[in-house]
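To start, the structure under review is shown below, and the notes come after it.
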Amino acid sequence: MSGKLRLAALAAAAVMVVAAPPASAQQRFITIGSGGETGVYYAVATNICRLVNRDTEKTGLRCNAPAGGGSIANLTKLRSGEIELGVAQSDWQFHSMKGTSQFEKSGADPDLRAVFSVHAEPFTVVARKDAGIKTFDDLKGKRVNVGNPGSGQRGTMEVVMAAKGWKMSDFALASELEPREQSQALCDNKVDAIVYTVGHPNGSIQEATTACESVLVDVSGPVIAKLVAENPYYSEAVIPGGMYRGNEQPTKTFGVRATFVSSAKVPDDVVYSITKAVFDNIERFKKQHPAFAALDPKEMLKAGLSAPLHSGAVKYYKERGWM
Ligand code: GLU
């Protein structure tokens, strides 16, 4: 190429760069905080992102949903702006808003906003069949995975233990494995029981009940009834029989709601677009995971929400005539 031609080519390339800025220049990246890959939060977050990303050309939003540590980790990251939205249990949403329980040190989060609620999450205890654990009280003296710090189940387990007057030292072992590791640890006989606050059915409990003989454990009685009676974010729950291999009878426990939350610092148009992407396509969304099958939009605007609704979500709900 002659010097002149090369210059012309360079000039053309320069013009192209100026005339066609990379698409990413107009894109806004948002991150949704979720949970472990074998749980349901990960399915919530990845499927919301999938719907949002179908509209990137229109909205400029690029959504991503990496696996994460669960409720308390998500609520903490929302405060610092590390994520724009996240999934969190109704009990931890309440405490983050109020600055109580696990959030006593960090204080109330006045910017916390609810977007909608998702599936119900029973507090789920699974034990090896050979461990002889029939009810929650039988966990005393056993090897128990109490969950990773930052997860909802770890926080809720600590609440139940406090109500029962138990300490971690009451267990022969209290491990802190993440959800994706816990079922294998159970079936490898490294622990006797695992604890998971999670929607059903899910991959983790499915693994725990198919890779070895294990049973769902009853979590009821006066202490639990008192917790449910005294706290608006808890309710009685039943894990249906026949959902998992070897567990034909329903299991009594208590539970929370999975909720989708954001921050007042996140602009209205962002939360509006995400809310619209989900509810305009709700039938499609419901098909993405069996734990979503019972979702009902009317209930999703209320159940388990204690923080004020984000104004971007309110705009969409008003458009639909739901508010
Ligand atoms: N409820 C659990 C938590 O808050 C997560 C459950 C899931 O990932 O589906 O950590």
### Task
At 1.4 Å probe size, with every protein chain present, just tell me what the per residue accessible area of the chain comes to in Å².
45
## Note on the structure
For the stretch 209-323, the convex hull over Cα atoms projects on average to an area in nm² of 9.5
### Message
Stokes-Einstein diffusion coefficient for the stretch 57-98 at 4 °C in a medium of 1.567 mPa s, Rh from the Kirkwood formula over Cα pairs: what value in µm²/s?
### Response
114
### Summary
Extend 7 Å from the Cα of residue 58 along its Cα-to-C-beta direction; within the stretch 246-282, residues with backbone N under 20 Å of that point are 267-282
## Note on the structure
Two pseudo-spin positions, 7 Å from Cα along C-beta at residue 213 and at residue 130, lie apart in nanometres by 0.9
### Query
Which whole number of Å³ per residue matches the convex hull of the alpha-carbon atoms in the chain?
172
## Note on the structure
note: the stretch 132-246, Cα-Cα separations exceeding 20 Å make up a percent value of 40
### Task
With a point put 7 Å past each Cα toward its Cβ, work out how far residue 231 is from residue 280 in nm, to one decimal.
3.8
### Binned Cα-Cα distance frequencies in the stretch 249-290 - 10 Å width, integer %
20, 36, 28, 13, 3
### Projected label distance in nm at residue 189 and residue 168, using a 7 Å step from Cα toward the beta-carbon
2.7
### 3J(HN,Hα) from dihedral phi, the stretch 34-40, Karplus parametrisation 6.51/-1.76/1.60, rounded to Hz, x for glycine, proline
10, x, x, 4, 8, x, 9
### Query
Hey, what number do you get for the chain at 222 nm if only DSSP H runs of n ≥ 4 count, each worth -39500 (n - 2.57), divided across all residues, to the nearest 500?
-11000 deg cm²/dmol
### Query
At a 1.4 Å probe, what is the % contribution of carbon and sulfur to the accessible area of the stretch 169-297?
49
#### Entry: Rg/Rh ratio calculated on Cα atoms of the stretch 32-92 (Kirkwood radius)
1.00
### Query
Given 0.36 nm per residue, what is the gain on full extension from residue 299 to residue 322 after removing their alpha carbon distance, in nm?
7.2 nm
### Task
Evaluate the relative contact order of the stretch 173-323 (contact order divided by residue number), counting alpha-carbon pairs under 8 angstrom at least 6 apart; express in whole percent.
19
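The values are calculated or read from the model by the stated rules, or taken from the named source; none is laboratory data. Only a predicted model underlies this, so the values are computations on that prediction, with no experimental measurement involved. With ideal geometry, Cβ positions are generated from the backbone for all residues, glycine too; neighbour counts draw on all protein chains shown. Areas reflect the complete protein model, heavy atoms only, side chains present, ligands, DNA and RNA absent. Shrake-Rupley method; radii C 1.70, N 1.55, O 1.52, S 1.80 Å.
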